[in-house]
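The values are calculated or read from the model by the stated rules, or taken from the named source; none is laboratory data. Quantities reported herein were computed from a predicted structural model and do not represent experimental measurements. No Cβ is skipped: glycine too gets one built from the backbone with ideal geometry, and neighbour counts run over all protein chains shown. Accessible surface is based on the protein model in full, side chains and every heavy atom, while ligands, DNA and RNA are left aside. Shrake-Rupley method; radii C 1.70, N 1.55, O 1.52, S 1.80 Å.
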Amino acid sequence: MSEKRPETMQRITTPALAEAFIEQQLSALRAQIGDGKVLLALSGGVDSSVVAALLIRAVGSQLTCVHVNHGLLRQGEPEQVIEVFQNQMNANLVYVDAVDRFLDKLAGVAEPEQKRKIIGAEFIRVFEEEARKLEGIRFLAQGTIYPDILESGPVKAHHNVGGLPEDMQFELVEPLKFLFKDEVRVVGDALGLPHDMVYRQPFPGPGLGVRCIGAITRDRLEAVRHSDAILREEFALAGLNQHVWQYFTIVPDIKSTGVKNNVRAFEWPVILRAVNTRDAMTATIEEIPWPVLHKITARITAEVPGVNRVLYDLTPKPTGTIEWE
Ligand code: XMP
C-alpha cells in the first residue's frame with residue numbers, strides 16, 4: 001500500500017470532516033479485516049486510543065487490546081485505560097501488570113540509552129507473550145501517524161512490531177497513517193474519547209523512566225510520578241495546560257540538606273520543566289507566574305515523600321534537550 005498521503009485528501013479540521021473520515025474508515029476497516037481477529041497494543045496515548053476507538057466501532061469484539069503497565073506511566077493512566085475502553089466501550093482488554101518485571105530489569109542501569117533499550121525490548125517481549133496466548137490473530141493494529149512515515153520511513157513507523165519474531169507474521173492495520181496529530185485529535189473528539197486523553201501533551205515511550213535520572217529506584221520513581229501529578233493538577237487549575245506544549249518533573253539522583261519539622265532532612269530535589277516548541281527540535285521556556293510556582297513548590301515539598309527542594313529549569317533547547325535523559 002502507498003505510504004504517501006493522497007494529494008486530494010482534505011485536512012480534517014472540523015467535527016463534520018472527522019465524521020466523514022470515520023465513516024470512510026469504518027468501511028475500509030471492515031473490508032480489510034472481514035471476520036478476522038485484530039490485536040492492538042493500547043498505551044492510552046492519543047494515537048493508540050483513537051485506533052482502539054475506531055476499531056471498536058468497526059469490528060467490536062474481533063479486537064483485543066493489550067495494555068502493558070510497565071510501571072513508568074503517569075498517575076491514573078492505567079486506571080483510565082481500563083475505565084474508558086473496558087468499562088465504557090466494552091472492549092476486550094487484556095491488562096498486563098508488568099511493573100515488577102520492568103523495574104527488576106532496570107535495577108542498577110544508569111545509562112539513558114541502555115534504559116531505553118531495556119524498556120523497548122521488554123515491551124516487545126511482554127506483548128509477544130500475550131499475543132501467543134491469543135488464538136487466531138491475523139491483524140496487528142498500530143497508531144502510526146503521517147509524521148512517523150515522513151520522518152523515519154517505514155522502519156520507525158512499524159517500530160512496535162520491529163522486534164516480533166519471524167513466526168509471528170501479522171497484517172498491519174494502520175487507519176491513521178495519513179493523519180497529522182491535530183487531525184487525530186479532531187477524530188478522537190468525534191469518537192467520544194475523553195478530552196484529557198485526546199489533548200494530552202506528548203509523553204515519551206520510556207515514560208517516567210527517563211525522568212527518574214540514572215538508575216531507577218521505586219521510591220524515587222514514585223517521587224517523579226507524584227510530583228508530576230501535582231504539577232499537572234496545578235497547571236490545569238492555572239489554565240497553563242492550554243498553552244504549554246510539554247511540562248513535567250524530573251528527580252535527579254542527588255540529595256541535599258534541608259529541614260523539615262525542625263529536623264535535618266537529607267532528600268531529593270524535584271526539577272520542574274515547562275517548554276513550548278513547534279517541532280521539538282528547539283524549545284523555549286514558559287514564563288510561569290510566581291504564585292503558581294510557589295504553590296507547586298509548597299505542595300510538592302509537603303506532599304511528596306523524600307523531597308525537600310523544588311527547582312525550575314530555565315534552559316531552552318539548545319542547549320538543554322527537552323527531557324533530561
Ligand atoms: P528531547 O529530549 O530530545 O525530546 O529534546 C524531544 C521530544 O521527544 C520526546 N522524547 C521521546 N519520545 N521516546 C519517545 O517516544 C523517547 O525515547 C523519547 N525521548 C524524548 C520528548 O518527550 C520530547 O517531546
Practice problem: Could you figure out which of (1) in contact with a strand residue (DSSP E or B) (Cβ under 8 Å, 6 or more places away or on another chain); (2) buried (at least 20 other Cβ atoms within 10 Å of the Cβ); (3) small (Gly, Ala, Ser) isn't true of Ser49? | Solution: (1)
Quiz item: Residues of the range 187-204 being away from the ligand (no atom under 16 Å from the Cβ) and in a loop (DSSP other than H, G, I, E, B), which ones?
Solution: Leu191, Gly192, Leu193, Pro194
Quiz item: Quick one: is Gln88 in the same structural domain as Gly143 (by TED's automatic domain parsing), under 21 Å from His195 (Cα atoms), open to solvent by 50 Å² or more (accessible area, probe 1.4 Å) and under 23 Å from the mean Cα position of the chain (by Cα)?
Solution: yes
Quiz item: Between a first residue in the range 311-325 that is outside the structural domain of Ile300 (by TED's automatic domain parsing) and open to solvent by 90 Å² or more (accessible area, probe 1.4 Å) and a second residue that is more than 9 Å from the ligand (Cβ to nearest atom) and part of a loop (DSSP other than H, G, I, E, B), which pairs have beta carbons less than 6 Å apart while being 6 or more apart in sequence or on different chains?
Solution: Trp324/Ile213
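Does the range 171-218 hold any residues that are closer than 19 Å to Leu106 by Cα and out of contact with any Gly (no Cβ under 9 Å at 6 or more places or on another chain), and which are they?
If the condition is that a residue be closer than 19 Å to Leu106 by Cα and out of contact with any Gly (no Cβ under 9 Å at 6 or more places or on another chain), then Pro204, Val210, Arg211, Cys212, Ile213, Gly214, Thr217 are the ones that fit.
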Exercise. Could you pull out every one of the strands (runs of 3 or more DSSP E) wholly within the range 232-325 that has 3 or more residues that are more than 12 Å from the ligand (Cβ to nearest atom) and under 22 Å from the mean Cα position of the chain (by Cα)?
Key: 263-276
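Conditions (1) open to solvent by less than 60 Å² (accessible area, probe 1.4 Å); (2) assigned by TED's automatic domain parsing to the domain that holds Ile124, marked per residue:
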residue: Pro194; (1), (2): yes, yes
residue: Val224; (1), (2): yes, no
residue: Phe248; (1), (2): yes, no
residue: Val251; (1), (2): yes, no
residue: Ser256; (1), (2): yes, no
residue: Val259; (1), (2): no, no
residue: Arg264; (1), (2): no, no
residue: Leu272; (1), (2): yes, no
residue: Val275; (1), (2): yes, no
Practice problem: Residues being modelled with pLDDT of 90 or more and either outside any loop (DSSP other than H, G, I, E, B) or open to solvent by less than 30 Å² (accessible area, probe 1.4 Å) (or both): count how many of those fall in the range 152-173. | Solution: 3
Quiz item: Of Arg232, Arg218, Arg225, Arg211, which residue is farther than 22 Å from Lys117 by Cα and of a type in the set (Lys, Arg)?
Solution: Arg232
Quiz item: Any residue at all in the range 277-298 that is under 26 Å from Ile216 (Cβ atoms) and either among the basic types (Lys, Arg) or free of Cβ contacts under 8 Å to residues at least 24 places away in the same chain (or both)?
Solution: yes
